[in-house]
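Engineer: Quick one: the structure is below, and I'll ask about it shortly.
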Amino acid sequence: MKKEILQILRQDSERISGEYLSSILGISRVSVWKHIKSLIARGYDVETTSKGYRLLASPDTPFAWEFPDRYEKIHYLETVDSTMDIARNLARKGCPHLTVVVASTQRKGRGRLNRAWYSDKGGLYFTIVLQLSMPPQYMGRVNFYTAAILAQTLREEYGADAKVKWPNDILIDGKKLCGMLSEMEVEGEMVTFLNIGIGINVNNDPTRQKPNGVSLQQCSDRKVLKKELLAIFLDRFEEKFDLAMAGTAIDLWKKYNSTLGRYIRIVTHNDTLEGYAEDVDTNGALLLKQDGGKINKVIYGDCFH
Ligand code: BTN
């Protein structure tokens with residue numbers, strides 16, 4: 001009902017009477033008032049007078065009703081340990097493809113290679129559930145597709161000079177704006193679901209924990225609406241999703257990457273490799289040309305430019 005009430009209030013900058021809302025929505029005026037009160041409690045600025053209601057301002061909170069076309073698939077929670085945990089439970093229960101779990105803060109946000117992901121207020125933290133049936137080796141393509149679409153969104157919609165560092169960090173001027181973490185479950189030979197968790201520094205200040213981090217606000221000197229960024233990204237992500245498992249996902253990634261063609265260092269749990277980043281293969285493994293010409297295929301690790 002909040003979705004419908006907001007839609008009506010947003011269509012008109014004039015006051016809308018409780019009577020009109022009640023007749024058009026088929027609920028009592030008391031019920032309309034209860035919903036309005038609950039919107040106000042959630043940060044909406046609704047002017048209420050004897051003549052009716054007027055929406056003055058909305059909070060930048062990704063409530064499900066802020067995504068009318070995805071209402072059923074968005075799960076917003078104010079604080080969670082990690083959106084990955086909630087998404088995994090939903091995926092196991094068979095939630096729809098492209099279900100999204102989004103939180104304002106995380107108590108135990110997780111990063112790649114068992115690191116913590118600090119999730120202060122102001123950042124955008126979400127996990128997308130992909131109900132896919134595919135061989136596990138294709139997972140790299142989907143991750144590359146995701147990073148490429150996000151970089152493209154940030155460049156085309158926000159004018160940010162976003163580039164992807166192998167495998168899927170997004171950097172601006174060499175500083176980390178966004179990280180991604182994937183988790184999948186496999187049955188037999190096939191992936192049953194792949195969850196992609198994305199943390200974007202939007203209006204938070206990541207430099208307190210990570211000196212080499214940066215936020216969109218810090219790059220552009222203005223606040224960016226998180227709910228709008230999420231909506232635009234999800235639309236773009238879904239629109240071209242057919243590319244995600246095709247080889248073209250890798251071509252898209254190459255277009256926005258800043259790793260290939262550089263001399264780089266890769267650190268894994270038990271090894272450090274240095275070499276020239278020659279290319280990536282069709283599933284996203286990095287082809288590192290070492291001194292002497294030997295090509296090393298790297299499938300995971302931290303990449304330093
Ligand atoms: C990294 O660069 O190390 C990956 C960071 C991934 C962070 C996101 S925030 C949303 C989702 N929930 C988590 O706990 N982690 C991912």
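Engineer: Here are the criteria: (1) part of a strand (DSSP E or B); (2) closer than 21 Å to GLU238 by Cα. Tell me which single one LEU171 does not satisfy.
Structural biologist: (2)
Engineer: Which of the residues that make up region 41-52 are open to solvent by 70 Å² or more (accessible area, probe 1.4 Å) and either β-branched (Val, Ile, Thr) or free of Cβ contacts under 8 Å to residues at least 24 places away in the same chain (or both)?
Structural biologist: Once the filter is applied, which keeps residues that are open to solvent by 70 Å² or more (accessible area, probe 1.4 Å) and either β-branched (Val, Ile, Thr) or free of Cβ contacts under 8 Å to residues at least 24 places away in the same chain (or both), region 41-52 yields ALA41, ARG42, ASP45, SER50.
Engineer: Check SER58, SER82 and return the single one that is within 16 Å of the ligand (Cβ to nearest atom), crowded, with 19+ Cβ neighbours inside 10 Å, touching a residue at least 12 places away in the same chain (Cβ under 8 Å) and more than 18 Å from ASP235 (Cα to Cα).
Structural biologist: Every option except SER82 fails the conditions.
Engineer: Taking THR272 as meeting all but one of (1) buried (at least 19 other Cβ atoms within 10 Å of the Cβ); (2) within 23 Å of GLY179 (Cβ to Cβ); (3) of a type outside the set (Asp, Glu); (4) without any contact (Cβ under 8 Å) to a residue 24 or more places away in the chain, write down the number of the exception.
Structural biologist: Among (1) buried (at least 19 other Cβ atoms within 10 Å of the Cβ); (2) within 23 Å of GLY179 (Cβ to Cβ); (3) of a type outside the set (Asp, Glu); (4) without any contact (Cβ under 8 Å) to a residue 24 or more places away in the chain, THR272 violates only (1).
Engineer: For region 1-33, give me each residue that is surrounded by fewer than 15 Cβ atoms within 10 Å (Cβ to Cβ), of a type in the set (Lys, Arg) and within 32 Å of the chain's Cα centre (by Cα).
Structural biologist: LYS3, ARG10
Engineer: Hey, another quick one. When you scan region 224-232, do you find a residue that is more than 15 Å from the chain's Cα centre (by Cα), open to solvent by 10 Å² or more (accessible area, probe 1.4 Å) and aliphatic (A, V, I, L, M), even just one?
Structural biologist: no
Engineer: Oh, and also: Inside region 109-126, can you point out the residues that are basic (Lys, Arg) and either more than 8 Å from the ligand (Cβ to nearest atom) or modelled with pLDDT of 95 or more (or both)?
Structural biologist: ARG110, LYS121
Engineer: Let me ask another. Could you tell me whether region 232-255 includes any residue that is touching a Gly at 6+ places or on another chain (Cβ under 7 Å) and more than 16 Å from the ligand (Cβ to nearest atom)?
Structural biologist: Yes, region 232-255 has at least one match.
Engineer: Restricting to region 89-108, and then to whatever is within 18 Å of GLY179 (Cβ to Cβ) and open to solvent by 60 Å² or more (accessible area, probe 1.4 Å), can you tell me which residue is farthest from the ligand (Cβ to nearest atom)?
Structural biologist: ARG107
The values are calculated or read from the model by the stated rules, or taken from the named source; none is laboratory data. For clarity, every value in this text was computed on a predicted model and none was experimentally measured. When we count neighbours, we look across all protein chains shown, and the Cβ atoms used for this are built from the backbone with ideal geometry, even at glycine. With ligands, DNA and RNA removed, areas are computed over all heavy atoms of the protein, side chains included. Shrake-Rupley method; radii C 1.70, N 1.55, O 1.52, S 1.80 Å.
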